[in-house]
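Some notes on the structure that comes next.
The values are calculated or read from the model by the stated rules, or taken from the named source; none is laboratory data. Predicted, not measured: the structure shown is a model, and the values here were computed from it. Note that we place each Cβ from the backbone using ideal geometry, even for glycine, and neighbour counts take in every protein chain shown.
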């Protein structure tokens, strides 16, 4: 999060004189969501899709350049996330990044 404080500079025009960067806290919401998925909470899967589905779809569409195919890959990817959530390791990266990879790995 960036907070910028402005004041009038020379000639009455505002200028940026102070930039304060506040570190964002770790997402406990993401951790809680993962815990709910691990507990096989079906509502958590809906929440996962609501929270990340649009962004995941945008990434997939950019790569495959076919919305219909991208939607299928997204659904398959969300199913992989649901079945393989126990293999997610938060210390190795963000949930979103892990989910993008899940959409690309071939099914076994």
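At-a-glance table
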| item | result |
| --- | --- |
| Residue list for region 63-74, restricted to those being assigned to a helix (DSSP H, G or I) and over 16 Å from the mean Cα position of the chain (by Cα) | 63, 64, 67, 68, 69, 70, 71, 72, 73 |
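Table: residues versus (1) at pLDDT 90 or above; (2) surrounded by fewer than 14 Cβ atoms within 10 Å (Cβ to Cβ); (3) within 17 Å of residue 103 (Cα to Cα).
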site	(1), (2), (3)
3	no, yes, no
11	no, yes, no
24	no, yes, no
27	no, yes, no
40	yes, yes, no
45	yes, no, yes
49	yes, no, yes
61	yes, no, yes
67	yes, yes, yes
